[in-house]
1. Along each of the three principal axes of the Cα atoms of the range A:57-152, give the extent in whole Å, ordering the values from largest to smallest.
2. Could you give the size of the charge dipole of chain A about its Cα centre, using +1 on the Cβ of each K and R and -1 on the Cβ of each D and E, expressed in debye and rounded to the nearest 20?
3. With a Förster radius of 22 Å, plug the Cβ-Cβ distance of A:L47 and A:E126 into 1/(1 + (r/R0)^6) and report the FRET value to the nearest 0.05.
4. With each pseudo-label sitting 7 Å past Cα toward Cβ, what's the B:S259-A:T235 distance in nm, one decimal?
5. Can you pull a Stokes-Einstein diffusion coefficient for the range B:130-194 at 25 °C (0.890 mPa s), Rh from Kirkwood over Cα pairs, as a whole number of µm²/s?
6. When the chain is fully extended, how far beyond the present Cα-Cα distance does A:S67 get from A:S165, taking 0.36 nm per residue of separation?
7. List the residues whose amide H sits under 5 Å from the amide H of B:G67, counting only those 5 or more places along or on another chain, with H placed 1.01 Å from N in the peptide plane.
8. Rounded to the nearest 20 debye, what is the charge dipole size of the protein assembly as shown about its Cα centre when +1 sits on each Lys and Arg Cβ and -1 on each Asp and Glu Cβ?
Amino acid sequence: MQMHSILRRVFRRLGAEARLQGVALLTLTGALIAMLIVVVFVLNMQLTTKSILRRANVAVFLKDGVSQEEITQLQTSIESVSGVRHVKYLSSAQVREAFFSNEASKDGLEGLPPEAFSPLIEIEIEEDGRSFTVQQLAEKLKRFEIVEAVESHESWQSEVRAIASIINRLAIAALGLALVGIAFFISNVMKLTLSSRKDEIEILRLCGASDGFIQAPFLIEGASYGFLASWISVTITWFLKNLADREFDRVFDFIGVRLVFLDPWMIAAFIVIVTAICTVASAFSLRRYLHV
Amino acid sequence: MAMASDLANSGWEQASEEGTRRPFAYFRAGLTQNPYPKPILVFENVTKFHRPDHPTLRNVCLEVQKGEFVFITGPSGAGKSTFLQLIYQAQKVDDGRILFCGKNITRLNRDSLPYLRRNIGIVFQDFKVIPHWTVFENVAIALEILGLPTRIIRSRVGEALERVGLKGKGAQETRSLSGGEQQRVAIARAIVGEPVLILADEPTGNLDPQLALDIFTLFEEIHQTGATVLFATHDHSLIERRSYRVISIENGYAKEVRSHSMRESLHRSRKVLHAIADR
Ligand SMILES: Nc1ncnc2c1ncn2[C@@H]1O[C@H](COP(=O)(O)OP(=O)(O)O)[C@@H](O)[C@H]1O
Ligand SMILES: [Mg+2]
């Protein structure tokens, strides 16, 4: 098609409607930044809860003086349960070492001998697709003679999980609403543009321009809003994330979390989705309001 | 001529060839071999209602030959604009047919309509130029719509601006021009694609008498290059100035109040009389 002419008209429009276009771009960018902040927050929350839940799992404390043979036997029988990802035995010495590797717990306890710590078996459980509850597993394990105690964090784990999933759902609903709002906003910007360009469109019609020729610059304009605003908002949010990382690094260190940002394919998906929504919203507006 | 060489090695050929495959062919003015049958425009019992009891046009029958200059006249609100709009299909007929280049245009679908309009150059009373575009852009758009290459567009627009007396003003913003000049821009846009038919809807209505005369003269020049011109006006000083055919619309009826062919035959017979007398 007459791409030259279409692009020329897009650029001609740039100067003539700088104000409307500027406001539209700014508003859209603002909305997208808010969305991205939510996305980044949820993403980090998910990763954090996941790592917390993974870290917890089940600890099986063993009685003192249990033979290596019995331990190996227990270990293999636990390993054979489906849904168990990893089983690890820690001797008293190893437990002590792990305990003191954590700086916070050092003070005044250096004198404790290895015997003060029970040896234990750490069981890592698959998050999904297991055929038993942690409760059931714990009950079973307690029946073994050599087991002193079983510690699971089932109750608070499920609480964390529930809260995380509520936040997740809320965020998804908010993002969905925001996308609808963006579509609505862009279609209204296009409506304004069309009404201010009514004369121009009429003249093009009278000169024999096809619908495609008339509509293409408007579609390109709509898509550009989405494309530019999503790029700008990604860049700004990335700076904000780095700023937060720098400002609050001690807080994050304390929680044991490193802030992550969207990975490249997520950024690409975000830009594609926003651009697509803006294009579709413009096309909708053109269908609806382009009658001359 | 520069035009002819353009034609041979440019998008023109392509555009017109492509045109034949399109829903509505592309006809050019001033071609020696006319691909279309005469007459160029036929109204067959055309009726148009705006109010149910009172038709704006009733049973209008009319033929326009290629290369004619026709005045359309009548009081304000008589239906001159309606008459022209039926030709470029801004309005639909309620009854009857309109043949343009032998093709019934009253049944064109939405997709074919642009191809019809590319064959017609239209000039309006209120100019209908885009004020914040340059003069060049306003004229070039007619060729951009045809999909011609930039190089051709540049040279054709230059020629058209020269023809309407706006040489060297292409880079100016159109709103900075006077009314008469803006109308010249509109005329350049109408003729730049060399359409076979030019419709002018009171193009001098907004201009003072001297400017009106200049614009009218411009249409005559365009007519002399082979274009068919329908010129709607209620300015009798223009109509009286020339002996072109006049169609008057009144109370919905279109009457031929002055026939071009009669005048011409009169002119011819006078010539014969002079010749006899000279002997
Ligand atoms: N699009 C339209 N809708 C309704 N009425 C129209 C329309 N176009 C023209 N008319 C009516 O048709 C009549 C002729 O109008 P018009 O063709 O503009 O006359 P002229 O150009 O001779 O002044 C007027 O009474 C006008 O109100
Ligand atoms: Mg009128």
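Bear in mind that the values in this text are calculations on the coordinates, not laboratory data. Worth saying up front: this structure is predicted, and the values here are computed from it rather than measured. Don't worry about glycine lacking a Cβ; one is built from the backbone with ideal geometry, like all the others, and counts go over all protein chains shown.
1. Extents along the principal axes, in whole Å: 44, 29, 18.
2. It comes to approximately 2120 debye.
3. Approximately 0.80, to the nearest 0.05.
4. 7.5 nm
5. 218 µm²/s
6. Values: separation 98, 0.36 × 98 = 35.28 nm, distance 4.34 nm.
So the chain would gain 30.9 nm between A:S67 and A:S165.
7. Amide H neighbours of B:G67, under 5 Å, 5+ apart: B:T228.
8. On the way: 65 positive and 62 negative charges, 705 e Å.
Computed about the Cα centre, the dipole is about 3380 debye.
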